[in-house]
Amino acid sequence: MSEFKTFSQKTADVDRRWILIDATDAPLGRLSTEIAKYLIGKYKPTYTPHIDGGDYVVVINAAEVPVTGNKETGKIYYRHSGFPGGIKDAQLKEVREKFPERIIEQAVKGMLPKNKLSADRMARLKVFAGSDHAHAAQKPQKVEVK
């Protein structure tokens, strides 16, 4: 019989950090996977699948996130009002002009697991279009995305 036991993190033991990521450094997909990794907390040695042990993530310069290929005009975002015939669409360049935060939010939301923890994880994602953010008091640690 082994004397080692499987570690299972408790919600009271969760230690959350604040992470700062600049969106101009990497393409949208690579940036979104890194953000999802920090929101889930999968990089931590204390990762437990059923416990939300992720960090807060602050993303700046969302308006300048680069995309590859013809995604600027070819990528379409759909939304529905809930009424018959109420589907609307917008190209990436249109969304970038009006709501640049939605580009990163939608990409990260698609990369998170679809479970009861995803809403809490998305609430910890703070996206800002410019380089100024409202979370300087938390002293977020800057992380480079390659």
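Here are some notes:
- Sum of side-chain charges, SER131 neighbourhood, beta-carbon under 14 Å (Lys, Arg +1; Asp, Glu -1): -3
- When the Gaussian network model of the chain links Cα atoms closer than 10 Å, the mean-square fluctuations of GLY86, GLY69, GLY130 top out at GLY86.
- Degrees, to the nearest 10: 28-40 long Cα axis against longest axis of the chain: 30 degrees
- Residues of the stretch 24-65 with amide N under 11 Å of a point placed 7 Å along Cα→Cβ from HIS135: 39, 55-60
- Whole-Hz Karplus values for the stretch 128-134 come out as 10, 5, x, 8, 8, 9, 8 Hz, taken residue by residue from phi with 6.51 cos²θ - 1.76 cosθ + 1.60 and θ = phi - 60°; glycine and proline positions read x.
- In plain terms, the chain from GLU72 to LYS5 could stretch by 19.1 nm, reckoned as 0.36 nm per residue minus the Cα-Cα distance.
- Once Rg/Rh (Cα atoms, Kirkwood Rh) is calculated for the structure shown, the corresponding label among (i) 0.99; (ii) 0.93; (iii) 1.05 turns out to be (iii).
The numbers here are math on the coordinates, done by the rules we state, and not lab data. As the structure is a prediction and not an experimental result, all values here were calculated from the model. Cβ sites come from the backbone with ideal geometry, for glycine too, and all protein chains shown count toward neighbours.
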